[in-house]
1. Does H81 satisfy the condition of being outside any helix (DSSP H, G or I), within 13 Å of the chain's Cα centre (by Cα), on the phi > 0 side of the Ramachandran plot and modelled with pLDDT of 90 or more?
2. Return the residues of the stretch 74-118 that are out of contact with any helix residue (DSSP H, G or I) (no Cβ under 9 Å at 6 or more places or on another chain), closer than 30 Å to R52 by Cα, free of Cβ contacts under 8 Å to residues at least 24 places away in the same chain and acidic (D, E); say none if nothing qualifies.
3. Please indicate, with yes or no, whether at least one residue in the stretch 44-67 is buried (at least 18 other Cβ atoms within 10 Å of the Cβ), closer than 21 Å to R136 by Cα, touching a residue at least 40 places away in the same chain (Cβ under 8 Å) and more than 16 Å from the chain's Cα centre (by Cα).
4. Can we say D55 is assigned to a loop (DSSP other than H, G, I, E, B), under 21 Å from W122 (Cα atoms) and at pLDDT below 95?
5. Kindly list the number of the only condition in (1) in contact with a Phe, Trp or Tyr (Cβ under 7 Å, 6 or more places away or on another chain); (2) under 22 Å from S35 (Cα atoms) that fails for P92.
6. Name the one entry in K134, K70 that is basic (K, R) and under 17 Å from V149 (Cα atoms).
Amino acid sequence: MPATSSYARAGARVERFERGTRSYTMSHIRGRDTSIEVMVRRFLFSRGLRFRKNDRRYPGHPDVVLPKWKAMVFVNGCFWHMHEGCAKCVIPKSHVDFWTAKLTRNRNRDRRQIAELEAAGWRVFVVWECELDKPRRQGTLHALHARIVGGWVPSP
């Protein structure tokens, strides 16, 4: 039996993709207009909030900018932004050093950008991908809306 297949080696991890396919697939993951981002924007728009999306004038290019409410919303994927304590945040088993460094840089950059925005007077809200799973979705979205508009006097 030829040893060209990953199936041929006993105890070897089975590869889902041909060599080079994983890199190609990962390179096509979108950075904006993701399904969870669109879901949050639709909900906020349906509640009468008007916003700008992915505004490049601000650090981190927030997914939703609500100037009237002096608020910004980041919709983060649990894997890419290293959501602590989340089951969806799992470091891949191959190239562990690379992924750990990359994801840690992402998390540190996020923290720095949020601090910059808050220092500039913005209220920053982060919605995690796991919070938008079907059982928790409505509660998360209603809570986000309430936090944006509740008790805050909009600027004229």
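The values are calculated or read from the model by the stated rules, or taken from the named source; none is laboratory data. Because the structure is predicted, anything quoted here is derived from the model rather than measured. Cβ coordinates were reconstructed from backbone atoms using ideal geometry, including for glycine residues, and neighbour counts include every protein chain displayed.
1. On the way: outside any helix (DSSP H, G or I): yes; within 13 Å of the chain's Cα centre (by Cα): yes; on the phi > 0 side of the Ramachandran plot: no; modelled with pLDDT of 90 or more: yes.
When the stated conditions are applied, H81 does not pass them.
2. Scanning the stretch 74-118 gives a single hit, E118.
3. yes
4. Values: assigned to a loop (DSSP other than H, G, I, E, B): yes; under 21 Å from W122 (Cα atoms): yes; at pLDDT below 95: yes.
Yes, satisfied.
5. For P92, the failing item is (2).
6. Numbers: K134 fails: under 17 Å from V149 (Cα atoms).
Result: K70 is the single residue among K134, K70 that is basic (K, R) and under 17 Å from V149 (Cα atoms).
Residue by residue, here is whether (1) among the small types (G, A, S); (2) within 17 Å of the chain's Cα centre (by Cα); (3) at pLDDT below 90; (4) surrounded by 16 or more Cβ atoms within 10 Å (Cβ to Cβ) holds:
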{"site": "S23", "(1), (2), (3), (4)": "yes, no, yes, no"}
{"site": "H28", "(1), (2), (3), (4)": "no, yes, yes, no"}
{"site": "R42", "(1), (2), (3), (4)": "no, yes, no, no"}
{"site": "H95", "(1), (2), (3), (4)": "no, no, yes, no"}
{"site": "R105", "(1), (2), (3), (4)": "no, yes, no, no"}
{"site": "R109", "(1), (2), (3), (4)": "no, yes, no, no"}
{"site": "R112", "(1), (2), (3), (4)": "no, yes, no, no"}
{"site": "A115", "(1), (2), (3), (4)": "yes, no, no, no"}
{"site": "E131", "(1), (2), (3), (4)": "no, yes, no, yes"}
